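Shown next, in structure tokens, is the structure this report addresses.
Bear in mind that the values in this text are calculations on the coordinates, not laboratory data. These figures come from a predicted structure and were not determined experimentally. Quick reminder, even Gly has a Cβ in these numbers, built from the backbone with ideal geometry, and neighbours come from all protein chains shown.
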Amino acid sequence: MLIESQFRVILLAGGQSQHNDGQGISATLLFSHLPPRHESAGKTRKNAKLPTTTKVFAFHEDMNLRDFLACTLDSLVPSRNDLLGKCKLWLDPTGSDLPPETATSVTVKYTIPRSAYQDVLVESEKDFKEMMRVLVSKSAPTVKISMQEHALPYDGDDADDESGGEEKGGKSRKGKGKGKGKGKGKEKEKKKRNDFILALEHKHQCNDTRCTHGYCLLEGPTAEHLPLTPLLMSSWAAAKVCAWLVSGALSITDTAK
């Protein structure tokens, strides 16, 4: 697996850590998962409390941002490295290639005890390097990492899902029995789009350890890597949904062609 192999390379290249008796920089991870959904409709409950997992782990001071993200998500059981392919920090560590409004699967904040660095948002490699600068200056560095998982636009979440289909005052916007067929059709399209995205991700996951992208198209005789961003992946899947609606014959096995 790409992420695991990169992590091992970093550990070998960095050697034993200079901190905490060779164990590395001590970290406590607070990972907030997506909110629970209604069992019947699969929708997010209004004002639902986010389930949180706490893990204690350590990381090497020679890691860069992408290695740190992989190490942190891999500390969870089961590992949540599946989020990296849609994580803005992973796809664009410099913070200069993707538009500011680009959706991300996870956001990262950090807090360094007994310092002015409290709940600092990590938006680029520059922010990560500042965190590391402060940490390595301490005799026994420790940090609290807060990660928040986010639903992406193509995960099937819309305004009705988050609000529970209610307006101010608790009045439902949905009429009795109206538009049920249309709603079912819309949900079917969303599910089909998600299936297409999963198939595309499975086929185009980049296993080249030298590549900085999660998913790529290999182009030409030199196998040039063309990165597939979450926006491109979503647009590709949307086009396939249109073809499926028109023909009615496109199967999931055809999605990665």
Tell me the label-point distance for the pair GLN23, THR54, using the 7 Å Cα-to-Cβ offset, in nm and rounded to one decimal.
1.7 nm
List every residue whose amide H lies under 5 Å from the amide H of LEU29, counting only residues 5 or more places away in sequence or on a different chain, with H placed 1.01 Å from N in the peptide plane.
LYS55, VAL56, PHE57, ILE145
Taking amide hydrogens as modeled 1.01 Å from N in the peptide plane, which residues meet the under 5 Å criterion relative to TYR215, leaving out close sequence neighbours?
CYS206, LEU228
Packing-based ranking, highest mean first, of 60-70, 205-215 given that Cβ atoms within 10 Å are counted
60-70, 205-215
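For a footprinting-style exposure proxy, rank MET147, MET233 by other Cβ within 10 Å, fewest first.
Details: MET147 24, MET233 21.
In increasing order of surrounding Cβ atoms, one gets MET233, MET147.
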